[in-house]
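As structure tokens, the structure follows; a few thoughts come after it.
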Amino acid sequence: MDGNGRWAKKRLMPRGYGHQAGMNAMIKLAEYAKMCGVKYLTVYALSTENLSRPADELEGLFNLFRKYFTKNVKKLYARGSAVKIIGDLSVLPQDVAQVVSDGEKNSPADADFTLVFAINYGSRAEILRAVNIAVDGGKKLDGNAFEALLYTGGIPDPDLIIRTGGEIRLSNFLMYQAAYAELYFTETLFPDFDEKEFDKALNNYSGRERRFGKI
């Protein structure tokens, strides 16, 4: 979900204003994705690298979680949606980690749509964590056993990865899981990535032929 800060800067507003606009856009997008038949939507809310940003910007992000996270996930619950968290919450402020963990714990068990929040997530850290768990257990793993040790264990691999904001890279996002994902990049800044923009991405995806390495 790239481009919140630049979106705010274009409007002569602080970066926190853009992050709030991005959160609003993300909730709308999740609701629309569910309506389109998407079963899992993963949003890159905070990367491991983002924790090196200025303290005031991080505090603004954490305040968004404090103020809006519970209210928004309750809206998702009411629409039959669940919340899943991937990433290391241990380094977050304790109250923020608790709010986020509760969002996952209180999710309905029979949901037909899951919004996955990647929070303090990095694919390299995820893979190293899984390797260390395997080493500590003294086990040699096959692919299925290894995937079960990832944060995303039990979640299907992504079919489509969308990056907004004009950057053309994965930036440490779901690199193991994205082996055969289709990639879609757009110049649109995330707060402007609305239902119409999402439809463009889905239409682009629907025209591709997926062979998974086969003929």
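The values are calculated or read from the model by the stated rules, or taken from the named source; none is laboratory data. Bear in mind that the values here come from a model prediction, so they are computed numbers and not experimental data. Note: ideal-geometry Cβ built from the backbone for every residue, glycine included; neighbour counts use all protein chains shown. Quick note on the areas: whole protein, heavy atoms, side chains included, nothing else; ligands and nucleic acids left out. Shrake-Rupley method; radii C 1.70, N 1.55, O 1.52, S 1.80 Å.
Annotations
- Nonpolar atom fraction for region 77-125, defined as the carbon and sulfur part of the 1.4 Å probe accessible area, stands at 45 percent.
- Ellipticity estimate at 222 nm from DSSP helix runs (n ≥ 4, -39,500 (n - 2.57)) divided over the chain, nearest 500: -13500 deg cm²/dmol
- Region 127-215 - percent of accessible surface contributed by carbon and sulfur, probe 1.4 Å: 51
- Per residue solvent-accessible surface (Å²) - the chain, probe of 1.4 Å: 56
- A full extension of the chain between Asp194 and Glu49 corresponds to an added length of 49.6 nm, given 0.36 nm per residue minus the alpha carbon distance.
- For Tyr180, the shell of other residues with beta-carbons less than 12 Å away shows a net charge of +1, using +1 for Lys and Arg and -1 for Asp and Glu.
- Expressed in Å, the radius of gyration and Dmax of the Cα atoms of the chain are 17.4, 55.
- Gain in span if fully extended, Asp56 to Arg169, counting 0.36 nm per residue against the direct Cα distance: 38.0 nm
- Rounded to the nearest 20, the size of the Cβ-charge dipole of the chain about its Cα centre is 260 debye, with Lys and Arg at +1 and Asp and Glu at -1.
- Relative contact order of region 56-205: 19 percent, from C-alpha pairs under 8 Å at least 6 residues apart in sequence.
- Bridgeable lysines around Lys34 (alpha carbons under 18 Å apart, same-chain partners fewer than 8 residues away excluded): Lys74, Lys75, Lys84, Lys196, Lys200.
- The label-point distance for Tyr77 and Lys140, in a model that sets each label 7 Å from Cα toward Cβ, rounds to 4.7 nm.
- In terms of its C-alpha gyration tensor, region 128-215 has a prolate overall shape, because the principal axis ratio a/c (a ≥ b ≥ c, square roots of the eigenvalues) is not below 1.5 and a/b outweighs b/c.
- Size of charge dipole - region 1-70 - debye, nearest 20, with Cβ of Lys, Arg +1 and Asp, Glu -1, no other charges: 260
- Computed with every protein chain present, the accessible area of Val83 is close to 10 Å² [probe 1.4 Å].
- Partner aspartates and glutamates for Lys214 [C-alpha distance under 16 Å; skip if fewer than 8 residues away on the same chain]: Glu182
- Calculated FRET efficiency, Tyr32 to Ile215, Cβ-Cβ distance, R0 = 45 Å: about 0.80 to the nearest 0.05.
- Amide proton proximity set for Thr48, modelled H, under 5 Å, gap of 5+: Tyr121, Gly122
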